[in-house]
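Asker: Got a structure for you, written out below as structure tokens; questions coming shortly.
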2 protein chains.
Amino acid sequence: MSTTSKGEKTRDHILKTTRKILVAKGFHNTSISAVIEGTGVKKGNLYYHFTSKEDLGLAVLEDAKDEFFSFLTKTLVGRDPVEKIINSCKAIFAEQEKNNFVGGCLFGNTALEMTDSNERFSEVIQEVFSRWTGLLTEHLDEARNTGLLPSSTQPRLLAKTVVATLEGAIMMSRVSKNKNDLTDFLAAITGLLGR
Amino acid sequence: MSTTSKGEKTRDHILKTTRKILVAKGFHNTSISAVIEGTGVKKGNLYYHFTSKEDLGLAVLEDAKDEFFSFLTKTLVGRDPVEKIINSCKAIFAEQEKNNFVGGCLFGNTALEMTDSNERFSEVIQEVFSRWTGLLTEHLDEARNTGLLPSSTQPRLLAKTVVATLEGAIMMSRVSKNKNDLTDFLAAITGLLGR
């Protein structure tokens, strides 16, 4: 028996297509009719899976969150914890370049658009930032404890700085559309980590 | 003879009020009727000063840009160039706290909302980021040349990192609404600058 039913496939198709629309247009500018047109799913079927636009938006964020943490796990690879972080940042910047600097970070975009007005969206995004920071903190803890970083290193502070720099870098390179910016920011992060 | 005519006062009143609306709602969600309601200016008068919503949005960005660079000049003060940068970052975070973490950075918000779709908006924001980075680079150049920073310091790279960290920090603290985050990010930037 397959665990992916037709209903689940439809739900996933709606989530992935809506994510693309949300990245391009933001939550407020995405209408339910644009989702219906983009997905080709009938209105009744859409509302069978998601009771409201807010519900759909939250499900898209949750789905993107799960995918992002799989991506982080896959990209945090290397010979030591510092190299793992640098490789993961490289992979994030490579995604940004692959997308021609368009769209940027769904979580960052939604943070700026929704966080003041919608607590449920805010909670998911806060979870993304804090789990991401937590993951990097674990790696930096290990790096400090094994002497790869000086004993004065503050792993949580450094992890937050790396995440903030990445978010700022994605924002700034979206504006400049300049590949050199990403190269610079990667060099900056590499420097932060003492390499 | 006063150089501030009644027309200029009205124009400025429209700019400042629209800026508040744009920070709260973004460009796409701000209707001309909301601007008319918020400013109390008649439609004809509004269109006398700004020919379109895009025109108004651009003028708001230009006005905010001028104000931001005055703010930077006023806050880049201290005994030496490194202290100047730290004090300016402190002042930026103090603004963020004063606004209860609501609204964030108009340039950052507009970057994420508009940069992929509107080249004119994108140009103004790119100018903000590059002039800001340029100003910090000059200070860091001076710091390196006077031995306040190691000779291996790359002023432009470090300046970009500071700006990216600030933008990321404003984004992340808007989500967390937690004052400790700003304290952490200020410590991180202070650390970046070797203090």
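Asker: Viscosity 1.567 mPa s, temperature 4 °C: give me the Stokes-Einstein translational D for the stretch A:1-57 in µm²/s, with Rh taken as the Kirkwood radius over C-alpha pairs. Please report the intermediate quantities before stating the final value.
Answerer: Numbers: Rh = 11.6 Å.
D = 112 µm²/s.
Asker: When each copy gets a label point 7 Å from Cα toward the beta-carbon at A:Asn45, what are the spacings between them in nm, shortest first?
Answerer: Here A:Asn45 shows inter-copy label distances of 5.4 nm.
Asker: Only counting other Cβ atoms within 10 Å, I'd like B:Ile189, B:Ile85 sorted with the fewest neighbours first. It would help to have the intermediate numbers written out before the result.
Answerer: Values: B:Ile189 22, B:Ile85 26.
With the sparsest Cβ surroundings first, the list reads B:Ile189, B:Ile85.
Asker: Let me know the Rg and Dmax you get for the stretch B:1-110 when you use only its Cα atoms, in Å.
Answerer: Cα radius of gyration and Dmax of the stretch B:1-110 are 16.3, 51 Å respectively.
Asker: For the protein assembly as shown, just the Cα atoms, rotate onto the principal axes and tell me the three extents in Å, largest first.
Answerer: Per principal axis, max minus min of the Cα coordinates gives 86, 59, 34 Å.
Asker: For each of A:Ile32, A:Ile21, count neighbouring Cβ atoms within 10 Å of the residue's Cβ, then give the residues from fewest to most. Show your work: numbers first, answer last.
Answerer: On the way: A:Ile32 15, A:Ile21 19.
Listing A:Ile32, A:Ile21 from fewest to most nearby Cβ atoms yields A:Ile32, A:Ile21.
Asker: Regarding the stretch A:88-141, what is the average projected area of its C-alpha convex hull, in nm²? Can you show the working numbers first?
Answerer: Details: hull surface 17.0 nm².
Average projection, Cα convex hull of the stretch A:88-141: 4.2 nm².
Asker: At 24 angstrom or more along the helix axis (alpha-carbon based) and mean Kyte-Doolittle of -0.5 or higher, what helices does chain A contain? Whole DSSP H runs only. Don't jump to the answer; show the numbers that get you there.
Answerer: Values: long enough: A:6-25 (28 Å, -0.93); A:53-75 (32 Å, -0.17); A:81-98 (25 Å, -0.28); A:119-145 (38 Å, -0.64); A:155-176 (31 Å, 0.74).
Span-like helices in chain A: A:53-75, A:81-98, A:155-176.
Asker: When you have a sec, figure out the Kirkwood radius of the stretch B:36-195 from all distinct Cα pair distances and drop it here in Å to one decimal? Spell out each step's value before the answer.
Answerer: Working: mean 1/r = 0.0583 Å⁻¹.
Kirkwood radius, the stretch B:36-195: 17.2 Å.
Asker: Ok, one more. For A:Asn45 and B:Thr51, what is the calculated FRET efficiency with R₀ set at 41 Å and r taken between the beta-carbons, to the nearest 0.05? Please list the in-between numbers first.
Answerer: Working: r = 44 Å, r/R0 = 1.08.
Plugging the Cβ-Cβ distance into 1/(1 + (r/R0)^6) gives 0.40.
Asker: With respect to the symmetry axis carrying chain A onto chain B, which residue of chain A exhibits the smallest Cβ distance to that axis, and what is the value in whole Å?
Answerer: Residue plus distance in Å, as requested: A:Gly168, 2.
Asker: Here's something else I'd like to know. Pick out, in residue order, every one of the trypsin sites (Lys or Arg not before Pro) in the stretch B:1-91 that is DSSP loop and has at most 16 other C-beta atoms within 10 Å; say none if there are none. Each step should come with its number before you reach the end.
Answerer: Details: sites: B:Lys6, B:Lys9, B:Arg11, B:Lys16, B:Arg19, B:Lys20, B:Lys25, B:Lys42, B:Lys43, B:Lys53, B:Lys65, B:Lys74, B:Arg79, B:Lys84, B:Lys90; in loops: B:Lys42, B:Arg79.
Those satisfying the criteria are B:Lys42, B:Arg79.
Asker: If you don't mind, there's one more thing I want to ask. A 29 angstrom limit on the alpha carbon distance is what I want to check against. Which of A:Lys53/B:Lys20; A:Lys65/B:Lys16; A:Lys177/B:Lys65 exceed it? All intermediate terms of the calculation are to be shown ahead of the outcome.
Answerer: Numbers: A:Lys53/B:Lys20 27 Å; A:Lys65/B:Lys16 37 Å; A:Lys177/B:Lys65 21 Å.
From the list (A:Lys53/B:Lys20; A:Lys65/B:Lys16; A:Lys177/B:Lys65), the Cα-Cα distance tops 29 Å for A:Lys65/B:Lys16.
Asker: What is the fewest-to-most order of B:Met171, B:Met114 by other Cβ atoms lying within 10 Å of their Cβ? Each step should come with its number before you reach the end.
Answerer: Working: B:Met171 28, B:Met114 22.
Sorted ascending by nearby Cβ count, the order is B:Met114, B:Met171.
Asker: Sticking with this one: Put the label 7 Å from Cα along Cα→Cβ for A:Ser152; what are its distances to the other copies, in nanometres, shortest first?
Answerer: A:Ser152 label point versus its equivalents elsewhere: 1.5 nm.
Asker: Just to confirm the numbers: B:Lys6, label point 7 angstrom along the Cα-Cβ line, distances to the other copies in nm, shortest first?
Answerer: Copy-to-copy label distances for B:Lys6: 7.1 nm.
Asker: Which one of A:Asn100, A:Val175, A:Leu192 has its Cα pushed farthest toward the positive end of the charge dipole of chain A, where Lys and Arg give +1 and Asp and Glu give -1 at the Cβ?
Answerer: A:Asn100
Asker: Now, a different point. Which residue, A:Val162, A:Val41, A:Val124, has the most motion in a Gaussian network model of chain A that connects Cα atoms within less than 10 Å?
Answerer: Top of the fluctuation ranking is A:Val41.
Every number here is computed from the coordinates shown, using simple stated rules; none is lab data. Since the structure is predicted, the reported quantities are computational estimates derived from the model, not experimental observations. FYI the Cβ positions are ideal-geometry reconstructions off the backbone, even for glycines, and counts take in every protein chain you see.
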